[in-house]
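A short reminder: the numbers here are calculations on the coordinates, not readings from a lab. Owing to the predicted nature of the structure, the values given are computational and were not obtained by experimental measurement. Cβ atoms come from the backbone with ideal geometry, glycine included; neighbour counts cover every protein chain shown.
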Amino acid sequence: MSKLKLTYFDFHGGRGEPARLALSIAGIPFEDDRVPLADWPRRKSDTPFGALPVLEADGKILAQSNAINRYVGKLADLYPSDPWQAALCDEVMGAVEDITNKVVATFNLSDEEKKTQREALVAGPLTFYLSGLQQRLEAHGGQYFAGGRLTVADLKVFVWIRSLKSGVLDHVPPDLPDRVAPKLVAHHERVKSHPGVTAYYAKYSIAA
Ligand SMILES: N[C@@H](CCC(=O)N[C@@H](CS)C(=O)NCC(=O)O)C(=O)O
């Protein structure tokens, strides 16, 4: 087994968390390198695209969260071997990236502009992507997004819904997923109750 080091920011969410979860669920040892925000300016230039997450495998570097998710998903048996099911998994991870990019674009706005743009996101793209992902979940059997079992796509959606429900995003009502996509909320509960996910968060004494 390769020697793995996963570098991401020191919080339980975002683009690095699905890979942390996948490796932990499978019991694959890895160095969990959590970068304090204060250290980021110094470390940014060490990464291929000036961003995290980055995975190091036996000294070789891999960037881009979904490439990392696919790689660790294969190691952890949390990525479908069937080409079509793998593509469904990719579709969902790409959709979460799309909506994440729209939200991230509001991070550094003034308070007033942030409120305007976040309210527009709630009325438009956030509702649209929540509905679209719920539709894809239902189209693929209603339990998991691909292959009828837990994959890295489920982990990525789980992390996104967890963030939305936490209320961490000002002007985005935490009950938005419940109102727009109750089946995604049920999916969130399903993933949350997976023994590997429960054990991961218990290790940090935080709620899943
Ligand atoms: N497309 C990249 C985006 C990476 C990205 O923007 N990461 C954010 C954290 S989630 C980051 O490193 N932000 C700090 C910066 O850009 O300086 C991926 O999927 O990994």
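Miscellaneous remarks
- Förster radius 22 Å - calculated FRET efficiency between residue 138 and residue 102 (Cβ-Cβ, nearest 0.05): 0.40
- Placing unit charges on the Cβ atoms only, positive for Lys and Arg and negative for Asp and Glu, gives the range 1-101 a dipole magnitude near 300 debye about its Cα centre.
- Inter-site label distance for residue 193 and residue 127 at 7 Å from Cα along Cβ, in nm: 3.0 nm
- For residue 114, the shell of other residues with beta-carbons less than 14 Å away shows a net charge of -2, using +1 for Lys and Arg and -1 for Asp and Glu.
- Computed from phi, the 3J(HN,Hα) profile of the range 38-52 under the Karplus parametrisation 6.51, -1.76, 1.60 (θ = phi - 60°) reads 4, 8, 4, x, 6, 9, 3, 6, 7, 9, x, 10, x, 8, 10 Hz, with x in place of Gly and Pro.
- Other residues whose C-beta falls under 10 angstrom from the C-beta of residue 64 contribute a net charge of +1, scoring Lys and Arg +1 and Asp and Glu -1.
- Förster-model FRET efficiency, 22 Å R0, residue 31 and residue 11, C-beta, rounded to 0.05: 0.80
- Amide H contacts under 5 Å for residue 9: 35, restricted to partners 5 or more places along the chain or on a different chain, H placed in the peptide plane at 1.01 Å from N.
- With θ taken as phi - 60° and the Karplus curve 6.51 cos²θ - 1.76 cosθ + 1.60 applied, the whole-hertz 3J(HN,Hα) list for the range 65-74 is 4, 6, 5, 5, 4, 5, 5, 5, x, 5 Hz, x standing for glycine and proline.
- Among 21, 176, 37: highest mean-square fluctuation, GNM of the chain, C-alpha pairs under 10 Å: 37
- Calculated from backbone phi, Karplus (6.51, -1.76, 1.60) coupling profile of the range 4-16 in Hz, x at Gly/Pro: 10, 9, 10, 10, 7, 6, 8, 8, 8, x, x, 6, x
- Distance in nm between pseudo-label sites at residue 206 and residue 165 (7 Å out along the Cβ direction from Cα): 1.5 nm
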